[in-house]
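Here is the structure we will look at, set down as structure tokens.
The values are calculated or read from the model by the stated rules, or taken from the named source; none is laboratory data. Note that the structure is predicted; figures quoted are calculated from it, not measured. A quick note on method: Cβ atoms are made from the backbone with ideal geometry, for glycine too, and the neighbour counts reach across all protein chains shown. Surface areas here come from the heavy atoms of the whole protein model, side chains and all, with no ligands, DNA or RNA. Shrake-Rupley method; radii C 1.70, N 1.55, O 1.52, S 1.80 Å.
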Amino acid sequence: MLDDYAFEARRKNMEMDGGFSRAVWAQFAELGWLALAIPEANGGLGGSTGDAAVLLESLGRGLVVEPYHSTVVLGAGAVAAAGSIAQKNEILPEVAAGKRLLALAHVEPRARFTLNHVETSAIKDGGGYILNGEKAIVHNAETADTLIVSARVSGATTDHDGVTLFLVDPAAKGVTLRSYPTIDGLRASEVTLEAVQVGGEAILGTLGGAMPVIEAVVDRACVLLCAEAAGAMDAAVILTVEYMKTREQFGRPIGTFQVLQHRAVEMLGAKDFSRALTYRAASVVDVAGPRERSRAVSAAKVEMGRSGKKIGQEGVQLHGGMGMTDDMAIGHYFKRLTMIDMLFGNTDHHLRRFARLG
């Protein structure tokens with residue numbers, strides 16, 4: 001199917017309502033890709049993180065803009081980890097069938113990369129809660145059927161305890177979205193919650209105990225982002241080598257110059273090393289304890305950031321002036337790799353976390 005997902009087709013999908021193709025999303029469902037990582041008990045295939053990583057690597061090669069991460073990895077991941085039996089049975093089969101889109105609204109404007117920085121409040125109101133706060137960079141919120149919102153029911157802003165996940169209808173009174181395109185061609189929103197009322201049935205998981213779930217879901221998301229990056233890096237290396245074979249300078253292809261061959265080999269080596277660490281983390285994330293899991297994830301994220309930057313910069317430079325134009329795919333791969341580096345903690349953040357967990 002991804003053979004049909006050419007660069008120009010991707011650009012057309014980006015211009016569609018919501019920033020992606022509903023027809024392509026339906027194909028994802030038909031092929032079983034949306035069900036891959038969902039438990040068998042809830043209409044899925046019960047695949048592991050390693051299984052999902054193989055798929056995400058392919059999606060990265062195609063620079064796919066459809067909301068796989070927001071709906072399947074983050075959204076369905078949170079529901080599978082924390083939801084009640086009734087919530088899982090209602091939501092996950094619909095996700096697997098391509099009939100429900102989700103978005104995790106957790107990151108806040110002043111949080112930087114601190115996951116437990118949650119200012120959004122949830123105040124008890126009879127049998128339900130009233131939510132107030134702001135969420136930043138919520139990918140695909142404008143097309144989501146359900147938002148999964150983190151809010152604090154107790155404690156100080158950065159306390160680990162006291163955070164709860166809530167299922168929120170994006171069309172509910174008091175929910176405001178300011179949506180925009182991101183530099184990598186995807187869509188995101190700033191979400192404002194003003195006196196949003198939710199019932200007790202909207203609670204996802206344990207009241208005040210959401211942080212371990214959020215940390216596990218985000219760690220897994222980081223691994224799968226790294227897998228996507230591995231695919232994007234592979235495609236960027238291939239594009240660059242092909243260009244070097246055809247672009248002539250001084251009467252011969254630039255790929256015949258040994259110094260440029262060395263740079264291409266360094267790009268390939270960086271991609272392979274990052275990919276190896278990604279699949280090591282994928283093999284750990286489902287079975288290890290929190291410390292070992294997070295350490296493996298941070299190692300993969302650090303190397304992905306370093307390798308992605310190197311491959312993106314070298315690819316653009318070896319393409320020359322053409323590499324800077326919007327018409328050349330290499331620049332789009334660089335933008336996506338740059339965004340992946342920033343999501344849920346950049347290279348410096350994960351290097352510090354790796355050292356702290358050592």
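Structure values in brief
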| item | result |
| --- | --- |
| Scope the range 255-306; condition hydrophobic (A, V, I, L, M, F, W, C), open to solvent by 20 Å² or more (accessible area, probe 1.4 Å) and in a helix (DSSP H, G or I); matching residues | VAL259, LEU260, VAL265, LEU268, PHE273, ALA276, LEU277, ALA299 |
| Residues (more than 11 Å from ALA216 (Cα to Cα), hydrophobic (A, V, I, L, M, F, W, C) and surrounded by 23 or more Cβ atoms within 10 Å (Cβ to Cβ)) located in the range 71-81 | VAL72, VAL73, ALA76, VAL79 |
| Selection count, the range 202-219, where residues are surrounded by 23 or more Cβ atoms within 10 Å (Cβ to Cβ) and in contact with a His (Cβ under 7 Å, 6 or more places away or on another chain) | 1 |
| Filter result for the condition that a residue is among the small types (Gly, Ala, Ser) and either within 13 Å of ALA230 (Cβ to Cβ) or not in a loop (DSSP other than H, G, I, E, B) (or both), over GLY315, GLY345 | GLY315 |
| Unique match (being of a type in the set (Val, Ile, Thr) and open to solvent by 30 Å² or more (accessible area, probe 1.4 Å)) among VAL24, VAL64, VAL95, VAL54 | VAL54 |
| Identity of the residue in the range 313-358, aliphatic (A, V, I, L, M) and open to solvent by 70 Å² or more (accessible area, probe 1.4 Å), that ends up nearest to THR182 (Cα to Cα) | MET342 |
| Search result, residues across the range 6-21 that are open to solvent by 30 Å² or more (accessible area, probe 1.4 Å), assigned to a loop (DSSP other than H, G, I, E, B) and not charged (D, E, K, R) | ALA6, MET16 |
| Given (1) open to solvent by less than 10 Å² (accessible area, probe 1.4 Å); (2) part of a loop (DSSP other than H, G, I, E, B), number of the condition ALA172 does not satisfy | (1) |
| Residue count for the range 175-201, restricted to those that are aliphatic (A, V, I, L, M), loosely packed, with under 15 Cβ neighbours inside 10 Å and assigned to a strand (DSSP E or B) | 1 |
| Scope the range 151-169; condition over 27 Å from MET339 (Cα atoms), assigned to a loop (DSSP other than H, G, I, E, B) and of a type in the set (Val, Ile, Thr); matching residues | VAL153 |
| Residue in the range 238-245 that is crowded, with 19+ Cβ neighbours inside 10 Å and touching a strand residue (DSSP E or B) at 6+ places or on another chain (Cβ under 9 Å) present | yes |
| Tabulated pairs, the range 148-160, first of a type in the set (A, V, I, L, M, F, W, C), second open to solvent by 50 Å² or more (accessible area, probe 1.4 Å), C-beta under 7 angstrom, 6+ apart or interchain | VAL153/LEU207 |
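Every residue, every condition in (1) free of Cβ contacts under 8 Å to residues at least 24 places away in the same chain; (2) farther than 18 Å from GLY209 by Cα, yes or no:
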{"position": "MET16", "(1), (2)": "yes, yes"}
{"position": "SER70", "(1), (2)": "no, yes"}
{"position": "GLY83", "(1), (2)": "no, no"}
{"position": "ALA86", "(1), (2)": "yes, yes"}
{"position": "GLU90", "(1), (2)": "yes, yes"}
{"position": "ALA97", "(1), (2)": "no, yes"}
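Residue-by-condition table, conditions (1) farther than 21 Å from MET322 by Cβ; (2) hydrophobic (A, V, I, L, M, F, W, C); (3) under 28 Å from the mean Cα position of the chain (by Cα):
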site	(1), (2), (3)
ALA229	yes, yes, yes
THR240	no, no, yes
PHE250	no, yes, no
LEU260	no, yes, no
